[in-house]
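Below is one structure, written out as structure tokens; the observations come after it.
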Amino acid sequence: MSRERFEELVGDALDEVPEELLGLMSNVVILVEDHPPPGEDDLLGLYEGHALTDRGWDYAGVLPDRIFIYRHPILRICEDEEDVVDEVAVTVVHEIAHHFGIDDERLHALGWA
């Protein structure tokens, strides 16, 4: 799958996130990368930053948080485009949840891991 098509699927997944939630997101960008950091070959997505629940009065002047969606690991575990659509959607929601301070344990319990 081309990078352009993959990016479209990430955009489609973001379109499915309720506007109310997207409106609450603050100082965060969502990026598509081909590969995760070295040694993290199975990583599908990553949230780097300060979750909204961890931001205090002194949160100012920081670079945006970053959500990475990794193309090659997702493509590697999917059999067809339908699988990619589903996995991208789950990964996008999973990483956005981290922005809201929801940890992996809770995401697993909710079925978003």
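None of the figures in this text is laboratory data; all of them are computed from the coordinates on show. Because the structure is predicted, anything quoted here is derived from the model rather than measured. Cβ placement follows ideal geometry from the backbone for every residue including glycine, while neighbour counts extend to all protein chains displayed.
Some observations on this one:
- Order of Phe68, Phe100 - criterion: other Cβ atoms within 10 Å of each residue's Cβ, fewest first: Phe100, Phe68
- Shape call, region 52-113: gyration tensor on alpha carbons, a/c limit 1.5: oblate
- Principal-axis analysis of the Cα atoms of the chain puts helix 3-15 at an angle of about 50° to the longest axis.
- The packing ranking of peptides 89-98, 35-44, highest mean first, is 89-98, 35-44, where packing means the average number of other beta carbon atoms within 10 angstrom of each residue.
- For the chain, share of DSSP beta bridges that run antiparallel, in % to the nearest 5: 40 percent
- Estimated D of the chain in µm² per second, where Rh is the Kirkwood radius over Cα pairs and Stokes-Einstein applies at 20 °C, 1.002 mPa s: 146 µm²/s
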